[in-house]
Every structure is written in structure tokens, then in C-alpha cells.
Amino acid sequence: MVENLVIRKLEKGEEFPYDLLLLADPSMEAIEDYIHRGDCYIALLDNKVVGEYVLIKTRPFTIELVNIAVDEKYQGKGIGKALVMDAINRARESKAKVIEVGTGNCSAYQHLLYQKCGFRMTWIDIDFFKKHYDEEIYENGVRCIDMIRMSMDL
Ligand code: COA
């Protein structure tokens, strides 16, 4: 399945894949903030959008993967890993020196995914979700309060 995956940049004028963006981030306010500051990449299988990720330049030499999602029907088949590796390669090609990502304290599978792709945990943004998200977020039966910051030298 991953062999047939096409990953490309979303062209100007194309519709953002909001359903997927909202799977990774329940805050439309946050999504609207970063999608216009960065580049959205989509993953297609037979011309159907099955995944996406968004990269933004945060500081000199630093790129952040701010949103990544795979359509629930297609999860667990290696598409997420292919998207993370694609994001790393594009960040490297852009001459960035570091790629960062942030995940919830409760997002255990995502922690494993990023570590399998070479990210390390670096610090914790205490109370990030409590401070900035109106609704309470739960995953794996645990409230998402803090953001685990991860990064990788390119
Ligand atoms: N159980 C255990 N491990 C899981 C898992 C599950 N249900 N789902 C993903 N993983 C971990 C595994 O470590 C797996 O590696 P492995 O195949 O070597 O075991 C790794 O993730 C990659 O799996 P993959 O199939 O490539 O991921 P995916 O296509 O399911 O996409 C997400 C992963 C996180 C993008 C996808 O689950 C998703 O869209 N989730 C909702 C949005 C989200 O949470 N985004 C991230 C915000 S930080």
C-alpha cells in the first residue's frame, strides 16, 4: 500500500483537508493559524487523499511538523511512518538543521512513531493544552494537559 502512496505539496487554491487536520488537532483556531504560515502536504492513494502533514519554519534553521494525520480507515498500514519520513526528508532538503514536533502527554503511539523515525524527547511544555484549548482532550483514557516536545538533528 505504501508503495503506491503519492505525497505532494497542496497546491495554491486546493482545498485544505480539514477532516484530517482536525483528527490531529481539535482546535480550528490553531489550524487556521498555522496552515497559512506553512506548507501542507497530502498523501494520495489512487487519487484519494488518505493523509496529510504540515510543516512550518519556526526559527532560523528550524522546521516544525505541526500536524499529521492518516484517515482512520487507512491507519496502521505504515502511511504515518511514510509521512513522517517524507517530512524529515523535505526539512533536510530545505537546509533546516533541526526538525521538531509536539505531541500530547497521552499520545503514546505517536511517541513511538516519532522515536522510530529518529526523534528524541527534549522537553515538556507544561499545561500547554490546559492553557490553550477550550475543550478537555482525552486519549487512551488520560487527559491531554502537557505537550511533549521532540526533536531531531538533520
Ligand atoms: N497500536 C500500536 N502502535 C501504533 C498504533 C496502534 N494502534 N498506531 C500507530 N502505532 C505506532 C507503531 O509504533 C507503529 O510502528 P510499527 O508499524 O513499527 O509498529 C507506528 O506508530 C507507525 O504506524 P503507521 O501505520 O505508520 O501509522 P499510521 O498510518 O496509523 O499513522 C498517525 C499514525 C498518528 C498519523 C495516525 O494514527 C493518526 O492520524 N492519528 C490521529 C491524528 C494524530 O494523533 N496525529 C498526531 C498528532 S501528534
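Taking Lys95 and the conditions (1) basic (Lys, Arg); (2) over 20 Å from His36 (Cβ atoms); (3) modelled with pLDDT of 95 or more, which numbered condition does it fall short on, given that it satisfies the others?
(3)
Out of (1) touching a Lys or Arg at 6+ places or on another chain (Cβ under 7 Å); (2) surrounded by 14 or more Cβ atoms within 10 Å (Cβ to Cβ), what's the single condition that is false for Asp86?
It is condition (1) that Asp86 fails.
Residue check: is Ile148 surrounded by 18 or more Cβ atoms within 10 Å (Cβ to Cβ) and on the phi < 0 side of the Ramachandran plot?
Criteria met by Ile148.
Looking for whichever is near the ligand (Cβ under 9 Å from one of its atoms) and touching a residue at least 40 places away in the same chain (Cβ under 8 Å) here; the options are Ala82, Ala91, Ala108. Which one fits?
Only one candidate qualifies: Ala82.
Kindly indicate the residue of segment 87-104 that is of a type in the set (S, T, N, Q) and under 15 Å from the mean Cα position of the chain (by Cα) and also nearest to Ile148 (Cα to Cα) among those meeting that condition.
Ranking the qualifying residues of segment 87-104, first place goes to Thr103.
If Ala96 satisfies all but one of (1) touching a residue at least 24 places away in the same chain (Cβ under 8 Å); (2) within 11 Å of the ligand (Cβ to nearest atom); (3) not in a strand (DSSP E or B), what's the number of the condition it fails?
That leaves (2) as the condition not met.
Please enumerate the residues belonging to segment 105-139 that are touching a strand residue (DSSP E or B) at 6+ places or on another chain (Cβ under 6 Å), loosely packed, with under 14 Cβ neighbours inside 10 Å and polar (S, T, N, Q).
Within segment 105-139, just Thr122 meets the criteria.
What pairs can you find where one residue is in segment 22-43 and on the phi < 0 side of the Ramachandran plot and free of Cβ contacts under 8 Å to residues at least 40 places away in the same chain, the other is in a loop (DSSP other than H, G, I, E, B) and of a type in the set (A, V, I, L, M, F, W, C), and their Cβ atoms are less than 7 Å apart, with a gap of 6+ or different chains?
Matching pairs, first to second residue: Ile35/Phe16; Cys40/Leu10; Cys40/Phe16; Ile42/Leu10.
For segment 15-57, what are the residues that are away from the ligand (no atom under 15 Å from the Cβ), within 20 Å of Asp86 (Cβ to Cβ) and exposed (fewer than 15 other Cβ atoms within 10 Å of the Cβ)?
The answer is Arg37, Asp46, Asn47.
The values are calculated or read from the model by the stated rules, or taken from the named source; none is laboratory data. All values derive from a computational prediction rather than experimental measurement. Every residue, glycine among them, receives a Cβ derived from its backbone with ideal geometry; neighbour counts consider all protein chains shown.
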